[in-house]
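Peer 1: Let me begin by handing over the structure; questions about it come next.
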Amino acid sequence: MKKVCFIIALILLPCLCHAYDVQYEKSDSLRVINLLTDARRQNGNTNFIIFFARKLLGIPYVAHTLEVNKTEKLVVNLRQLDCTTFVENVVALNLCVKQGKFTFKAFCDNLCKIRYRGGEMPHYTRRLHYFTEWIEDNTSKGICAEIQSPDPPFSSVQDVNVYYMSSNPGKYKMLKENPGYLPEIAKMENLINKKSYRYIPKGGITNTALLRKTVKDGDIIALTTSLKGLDIQHIGFAVWHKDGLHLINASSLRHKVVEETMTLYAYLQKQRTMTGARIVRLTE
């Protein structure tokens, strides 16, 4: 009986996401269904962010997988991930479990919801390009909340000043081909500029009782940067080991999704332009 239901689900897959254009391969939809089926078997105490993140370990790191079309489509690609698409796919899978919806359509709907401003139909200018805007928009949807406190370990402040996209349109395929999008991108940048957020400086990400109390398994770690025109340089998920806080991420250095063997503290000491971590907790 289970086999029959699975075959029916596969037959229906191509027509499930008809409200907007979705680009995916059969292996992507199969992987989503298999992941959600595995999740359904877990007990109620499972941390599904960590569960799904570890299920994606080993998938190759590939940048610009969303920039493959002339017009914006919802791209579902679980064969190749970068740090942002890795986080988005895990969050979308987690939402499916929380909602009790274990279909590919539900996954696509959730991915669209978190990837685009207001969860609207896919369009390049509505995609949440800067992670500060991603946090703000998904906070307004009740999906996440950034941990902000005037107390330690949040002893540093980031004053956002983004302009990299509008200043370097030639580095973005869609902007190069559609210069008319630039005013909307610049408008979006201005909306998040001059806002301030507290973060944990990289020297403070040590194995202390305070940090263990502050950062939880499955929190999104957004690594702040000193690079001009940018807000966040890299993202991943927090996971505690005996020796301290570690990062699960799609790593350009390791060319795949990994659970770092070194602590986040040690990792950050090797990254000259990364200054610390903003912490975002999923709420839905």
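Peer 1: Determine, for each peptide in 219-229, 189-199, the mean count of other beta carbons within 10 angstrom over its residues, then list the peptides with the highest first.
Peer 2: 219-229, 189-199
Peer 1: Wrap a convex hull around the Cα atoms of region 22-141, take a quarter of its surface area, and give that in square nanometres.
Peer 2: For region 22-141, averaging the hull's shadow over all directions gives 7.2 nm².
Peer 1: Related question: Quick one: go through region 174-217 and flag any residue whose amide nitrogen is under 16 Å from the point 7 Å out along the Cα-to-Cβ line of V157.
Peer 2: Hits in region 174-217 for V157 at 16 Å: 193-201.
Peer 1: Dipole of region 144-282, Cα-centred, from +1 at each Lys and Arg C-beta and -1 at each Asp and Glu C-beta, to the nearest 20 debye?
Peer 2: 200
Peer 1: Under a crude label model (7 Å from the Cα following the beta-carbon direction), how far is E177 from Y164 in nanometres?
Peer 2: 2.2
Peer 1: Modelling each spin label as a point 7 Å along the Cα-to-Cβ direction, I'd like the A145/R254 distance in nm, to one decimal.
Peer 2: My value for the distance between the label points is 3.2 nm.
Peer 1: Rank these for me by crowding, Y181, Y163, Y267, going from fewest to most other beta carbons within 10 Å.
Peer 2: Y163, Y181, Y267
Peer 1: Now for a different question. Could you tell me which of rounded, prolate or oblate describes region 144-282, using a ≥ b ≥ c as the square roots of the eigenvalues of the alpha-carbon gyration tensor, with rounded for a/c under 1.5 and, failing that, prolate when a/b is larger than b/c and oblate otherwise?
Peer 2: Prolate is the answer for region 144-282, as a/c is 1.5 or above and a/b outweighs b/c.
Peer 1: Okay, moving on. How long is region 25-66 along each principal axis, judged by its Cα atoms, biggest number first, in Å?
Peer 2: 35, 20, 16
Peer 1: Take the Cβ-Cβ distance between Y20 and A63 as r, set R0 to 25 Å, and report the resulting FRET efficiency rounded to the nearest 0.05.
Peer 2: After rounding to 0.05, the efficiency reads 0.55.
Peer 1: OK, next. Grab the Cα-Cα distance for L210 and Q269, subtract it from 0.36 nm times how many residues apart they are, and report the gain in nm with one decimal.
Peer 2: 19.2 nm
Peer 1: Say R0 is 30 Å: what FRET efficiency, to the nearest 0.05, do K195 and T71 get from their beta-carbon distance?
Peer 2: 0.45
Peer 1: Also, quick follow-up: Just how many pairs of Lys in region 22-141 have C-alpha atoms closer than 16 Å, counting pairs that are eight or more places apart or on different chains?
Peer 2: Pairs that pass both the separation and distance tests number 8.
Peer 1: Mark the label point 7 Å from the Cα of Q80 along Cα→Cβ and return the residues of region 32-65 whose backbone N is within less than 20 Å of it.
Peer 2: Under cut-off, by backbone N: 32, 56-65.
Peer 1: Run the simple label-point estimate for E184 and K228 please: 7 Å along Cα→C-beta, distance reported in nm.
Peer 2: Between E184 and K228, the simple spin-label model gives 2.9 nm.
Peer 1: How much mean residue ellipticity at 222 nm does the chain get from its helices, if each DSSP H run of length 4 or more adds -39500 (n - 2.57) and you divide by all residues, to the nearest 500 deg cm²/dmol?
Peer 2: Rounded to the nearest 500, the figure is -10500 deg cm²/dmol.
Peer 1: While we're looking at this one, here's another question. Return the whole-Å distance between the Cα centroid of region 117-134 and the Cα centroid of region 20-85.
Peer 2: So the separation of the two Cα centres works out to 18 Å.
Peer 1: Here is a follow-up. For region 22-141, what relative contact order do you get, as a whole percent, if you take Cα pairs closer than 8 Å and at least 6 residues apart?
Peer 2: Value for region 22-141: 27 percent.
Values quoted throughout were computed directly from the atomic coordinates according to the rules given, and no laboratory measurement underlies them. Not measured: the values here are computed from a predicted model. In this analysis, Cβ positions are derived from the backbone assuming ideal geometry, glycine residues included, and neighbour counts consider all displayed protein chains.
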